[in-house]
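Asker: Sharing a structure with you now.
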Amino acid sequence: MEATPARARAYVVCVVAGALWCLLPLPAVHTPWWAVALLAALYAGCEQVARRRFAGTFYPVLLAAAFLLPPPAAALVPLPGALFSRVEQGSPWLRRSWRAAQLALSVWAAGRVHWALGGRNAVVASDFPYALVPALAAVLAFCLVLTVLDGGILALAERMPVRRAWRGLFLRSLAPIGVHGLAGLMMAVLWRSPYGPVAALLVLLPMGVSWWVFAQYHQERAAHQATIRALVQAVDIKDGYTRGHSERVGQASMMIARELGMDDSRVEVLRFAGILHDVGKLGVPTRLLRKDGPLTPEERRVIELHPEYGHEMVRGIGFLGEARAAVLHHHERLDGSGYPYGLLGSQIPESARVVAVADAFDAMTSTRSYRRARPVSVALEELSRCAGTQFDPLMVRALVRALGRCGWHPSVTADEVQSSIVFPPSPPVSSGVKG
């Protein structure tokens with residue numbers, strides 16, 4: 001985290017100061033230190049297992065602490081687990097301090113809400129269903145503080161637009177944290193029951209099993225994504241002049257999807273669609289991909305098979321969804337003159353219309369073997385000129401708006417070709433099939 005901007009570091013310092021402020025009342029609060037120590041050790045152990053075997057953070061212990069302890073004491077529970085956790089990269093103590101302070105503030109907020117609504121008495125008396133009301137409010141407070149702080153660090157450390165940094169964070173985290181909150185409430189009720197803390201720990205067993213199953217799903221998804229990366233790298237190696245093209249098309253497709261207001265899951269699918277759109281080029285002879293100058297009609301027909309090759313390669317990857325249709329149809333044109341099936345207008349899947357615009361934009365703004373890159377403004381003018389015949393005007397306007405607001409800062413740049421190459425005039429966008 002050496003490259004962390006100064007404003008992000010200042011933000012972390014402010015969050016740490018806020019967490020310390022939450023701990024100030026500790027001397028005046030009756031604190032069951034043995035319970036704090038037991039829960040802190042339990043959370044630290046669960047966190048170590050979670051980091052090594054699964055993914056994410058194990059929240060039931062933290063929420064049980066919010067339901068059982070005074071808020072300042074509950075805020076102590078996450079500190080050992082967070083401060084001594086493994087950090088793979090960046091400044092370890094800055095990351096650890098951030099995580100410890102973030103969790104301490106979230107647990108403190110949950111505890112304050114729970115106690116203010118009489119949750120402690122409801123837990124002690126096993127007053128159901130009323131005990132669910134303060135518990136639910138505490139979970140909402142925990143989730144809200146966690147996501148607000150997460151959005152803030154994203155906006156400052158990653159220089160992400162504020163709206164985008166917070167978009168969907170709360171709703172995505174609410175369901176999993178809600179399940180953890182129910183487990184935490186069960187722990188708290190059993191803890192206060194005649195069966196005591198040992199019985200409360202048994203709640204963690206079914207939670208651990210369900211978490212393991214969830215982790216297996218994510219590992220399978222990660223394996224699919226690794227396969228996707230390998231395929232894209234193979235395309236980049238085979239067609240050196242378009243190295244990085246797939247990643248940039250994925251980035252532009254994502255920008256268009258966000259501008260159209262698609263939800264985060266569809267935005268991710270469109271990113272995969274852009275990344276994989278040219279994977280079928282693995283079935284095209286390398287000499288055709290690297291050929292300088294125009295293609296013969298026979299060579300063009302061979303290259304035009306790459307969408308079908310690509311679709312065959314990815315159709316078995318279930319989580320790609322509509323990305324598979326984009327791989328197959330991203331060279332279709334609105335006027336029906338595209339390939340492989342000559343689809344017209346709305347017959348072309350929406351995902352394919354997004355990727356078609358992103359593909360053409362990057363093809364024009366990247367240096368190729370047969371021409372130099374065009375400026376972004378010139379490429380957008382060309383896209384607008386071809387809107388309605390080759391491209392969907394809605395997608396073109398979305399890209400123009402997104403670029404006008406965010407600019408074009410591709411994460412992967414095209415390889416520069418040798419300056420000794422003589423470049424002919426740039427052909428119109430509608431005539432190329434190599435990109």
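The values are calculated or read from the model by the stated rules, or taken from the named source; none is laboratory data. Quantities reported herein were computed from a predicted structural model and do not represent experimental measurements. Virtual Cβ from ideal backbone geometry, glycine too; neighbours counted across all protein chains shown. Quick note on the areas: whole protein, heavy atoms, side chains included, nothing else; ligands and nucleic acids left out. Shrake-Rupley method; radii C 1.70, N 1.55, O 1.52, S 1.80 Å.
Asker: Of these, Arg164, Arg159, which one is under 28 Å from Asp264 (Cα atoms), in contact (Cβ under 8 Å) with a residue 24 or more places away in the chain, outside any helix (DSSP H, G or I) and open to solvent by 80 Å² or more (accessible area, probe 1.4 Å)?
Answerer: Values: Arg164 fails: outside any helix (DSSP H, G or I).
Result of the check over Arg164, Arg159: Arg159.
Asker: Quick check on Phe67: is it buried (at least 21 other Cβ atoms within 10 Å of the Cβ), touching a residue at least 24 places away in the same chain (Cβ under 8 Å) and aromatic (Phe, Trp, Tyr)?
Answerer: Values: buried (at least 21 other Cβ atoms within 10 Å of the Cβ): yes; touching a residue at least 24 places away in the same chain (Cβ under 8 Å): yes; aromatic (Phe, Trp, Tyr): yes.
Considered against the rule, which asks whether it is buried (at least 21 other Cβ atoms within 10 Å of the Cβ), touching a residue at least 24 places away in the same chain (Cβ under 8 Å) and aromatic (Phe, Trp, Tyr), Phe67 comes out as yes.
Asker: Identify all residues within the range 252-290 that are touching a residue at least 24 places away in the same chain (Cβ under 8 Å), farther than 25 Å from Ser173 by Cα and not in a helix (DSSP H, G or I); write none if there are none.
Answerer: Those that are touching a residue at least 24 places away in the same chain (Cβ under 8 Å), farther than 25 Å from Ser173 by Cα and not in a helix (DSSP H, G or I): His277, Asp278, Val284, Arg290.
Asker: Name the residue that is surrounded by the fewest Cβ atoms within 10 Å (Cβ to Cβ), counting only residues in the range 271-287 that are among the charged types (D, E, K, R) and modelled with pLDDT of 85 or more.
Answerer: If we filter the range 271-287 for residues that are among the charged types (D, E, K, R), which is where we start, we get 271, 278, 281, 287.
Now drop any that are not modelled with pLDDT of 85 or more, which leaves 271, 278, 281.
Values: Arg271: 21, Asp278: 28, Lys281: 25.
Among those residues, the one meeting the criterion is Arg271.
Asker: Have a look at Phe142, Phe128, Phe170 and point out the one that is within 19 Å of Trp191 (Cβ to Cβ) and surrounded by fewer than 18 Cβ atoms within 10 Å (Cβ to Cβ). Explain how you work it out, then say what you get.
Answerer: Details: Phe142 fails: surrounded by fewer than 18 Cβ atoms within 10 Å (Cβ to Cβ); Phe170 fails: within 19 Å of Trp191 (Cβ to Cβ).
One residue alone meets the criteria, Phe128.
Asker: Something else: So for the range 73-86 (the condition being under 25 Å from Pro197 (Cβ atoms) and open to solvent by 70 Å² or more (accessible area, probe 1.4 Å)), does at least one residue qualify? Break it down stepwise before answering.
Answerer: Keep residues of the range 73-86 that are under 25 Å from Pro197 (Cβ atoms), which gives 73-85.
Imposing the further condition that a residue be open to solvent by 70 Å² or more (accessible area, probe 1.4 Å) reduces the set to 84.
Yes: the range 73-86 contains one or more residues that are under 25 Å from Pro197 (Cβ atoms) and open to solvent by 70 Å² or more (accessible area, probe 1.4 Å).
Asker: For Met207, which of the numbered conditions (1) over 24 Å from the mean Cα position of the chain (by Cα); (2) at pLDDT 80 or above; (3) surrounded by 15 or more Cβ atoms within 10 Å (Cβ to Cβ) fails to hold?
Answerer: Among (1) over 24 Å from the mean Cα position of the chain (by Cα); (2) at pLDDT 80 or above; (3) surrounded by 15 or more Cβ atoms within 10 Å (Cβ to Cβ), Met207 violates only (2).
Asker: Filter the range 302-321 down to residues that are open to solvent by 60 Å² or more (accessible area, probe 1.4 Å) and either part of a loop (DSSP other than H, G, I, E, B) or not charged (D, E, K, R) (or both) and give me whichever is modelled with the lowest pLDDT.
Answerer: The extreme case among them is Gly316.
Asker: Sticking with this structure for a sec: For the range 103-122, enumerate the residues that are buried (at least 20 other Cβ atoms within 10 Å of the Cβ), without any contact (Cβ under 8 Å) to a residue 40 or more places away in the chain and closer than 27 Å to Val15 by Cβ.
Answerer: Those that are buried (at least 20 other Cβ atoms within 10 Å of the Cβ), without any contact (Cβ under 8 Å) to a residue 40 or more places away in the chain and closer than 27 Å to Val15 by Cβ: Ala109, Val113.
Asker: Next question, about the same structure. Suppose the filter is part of a helix (DSSP H, G or I), open to solvent by less than 60 Å² (accessible area, probe 1.4 Å) and at pLDDT 80 or above; does Gly184 pass it?
Answerer: On the way: part of a helix (DSSP H, G or I): yes; open to solvent by less than 60 Å² (accessible area, probe 1.4 Å): yes; at pLDDT 80 or above: yes.
Against the criterion (part of a helix (DSSP H, G or I), open to solvent by less than 60 Å² (accessible area, probe 1.4 Å) and at pLDDT 80 or above), Gly184 qualifies.
Asker: Considering only residues that are assigned to a loop (DSSP other than H, G, I, E, B) and either modelled with pLDDT under 65 or within 15 Å of Val249 (Cβ to Cβ) (or both), which ones fall in the range 398-408?
Answerer: Step one: of the range 398-408, the residues assigned to a loop (DSSP other than H, G, I, E, B) are 407-408.
Within the range 398-408, Trp408 is the sole residue that qualifies.
Asker: Here is a follow-up. Among the candidates Ala100, Ala125, Ala137, which residue alone is without any contact (Cβ under 8 Å) to a residue 12 or more places away in the chain and either under 17 Å from Ala75 (Cα atoms) or among the small types (Gly, Ala, Ser) (or both)?
Answerer: Details: Ala100 fails: without any contact (Cβ under 8 Å) to a residue 12 or more places away in the chain; Ala137 fails: without any contact (Cβ under 8 Å) to a residue 12 or more places away in the chain.
Testing whether each residue is without any contact (Cβ under 8 Å) to a residue 12 or more places away in the chain and either under 17 Å from Ala75 (Cα atoms) or among the small types (Gly, Ala, Ser) (or both) leaves just Ala125.
Asker: Could you run through the range 322-352 and say how many residues are over 23 Å from the mean Cα position of the chain (by Cα), not small (Gly, Ala, Ser) and not in a loop (DSSP other than H, G, I, E, B)? Can you show your working first?
Answerer: Keep residues of the range 322-352 that are over 23 Å from the mean Cα position of the chain (by Cα), which gives 328-349.
From what is left, the residues that are not small (Gly, Ala, Ser) are 328-335, 339-341, 343-344, 347-349.
Add one more test, that the residue is not in a loop (DSSP other than H, G, I, E, B), and what stays is 328-329, 335, 344, 347.
Result for the range 322-352: 5.
Asker: Mind checking which residues of the range 145-156 are more than 19 Å from Phe58 (Cα to Cα) and either open to solvent by less than 40 Å² (accessible area, probe 1.4 Å) or in contact (Cβ under 8 Å) with a residue 24 or more places away in the chain (or both)?
Answerer: Gly151, Gly152, Ile153, Ala155, Leu156 - these are the residues of the range 145-156 that are more than 19 Å from Phe58 (Cα to Cα) and either open to solvent by less than 40 Å² (accessible area, probe 1.4 Å) or in contact (Cβ under 8 Å) with a residue 24 or more places away in the chain (or both).
Asker: Report every pair of residues separated by at least 6 positions or lying on different chains whose Cβ atoms are under 6 Å apart, first residue within the range 370-386 and of a type in the set (Gly, Ala, Ser), second at pLDDT below 90 and open to solvent by 70 Å² or more (accessible area, probe 1.4 Å).
Answerer: From residues that are of a type in the set (Gly, Ala, Ser), there are no pairs.
Asker: Now, a different point. Scan the range 243-270 for residues that are surrounded by 24 or more Cβ atoms within 10 Å (Cβ to Cβ) and among the β-branched types (Val, Ile, Thr) and jot them down.
Answerer: Once the filter is applied, which keeps residues that are surrounded by 24 or more Cβ atoms within 10 Å (Cβ to Cβ) and among the β-branched types (Val, Ile, Thr), the range 243-270 yields Val249, Ile256.
Asker: Check Tyr11 against each of (1) assigned to a helix (DSSP H, G or I); (2) open to solvent by less than 90 Å² (accessible area, probe 1.4 Å); (3) under 30 Å from Leu204 (Cα atoms) and name the one condition it does not meet.
Answerer: That leaves (3) as the condition not met.
Asker: Looking at the range 42-75, which of its residues are aromatic (Phe, Trp, Tyr) and modelled with pLDDT of 80 or more?
Answerer: Residues satisfying the conditions are Tyr43, Tyr59, Phe67.
Asker: In the range 134-152, is there at least one residue being small (Gly, Ala, Ser), under 15 Å from Val15 (Cβ atoms) and not in a loop (DSSP other than H, G, I, E, B)? Outline the logic, then answer.
Answerer: The initial filter retains those residues of the range 134-152 that are small (Gly, Ala, Ser), namely 135, 137-138, 141, 151-152.
Restricting the remaining residues to those that are under 15 Å from Val15 (Cβ atoms) gives 151-152.
With not in a loop (DSSP other than H, G, I, E, B) added as a condition, the list becomes 151-152.
Yes: one or more hits.
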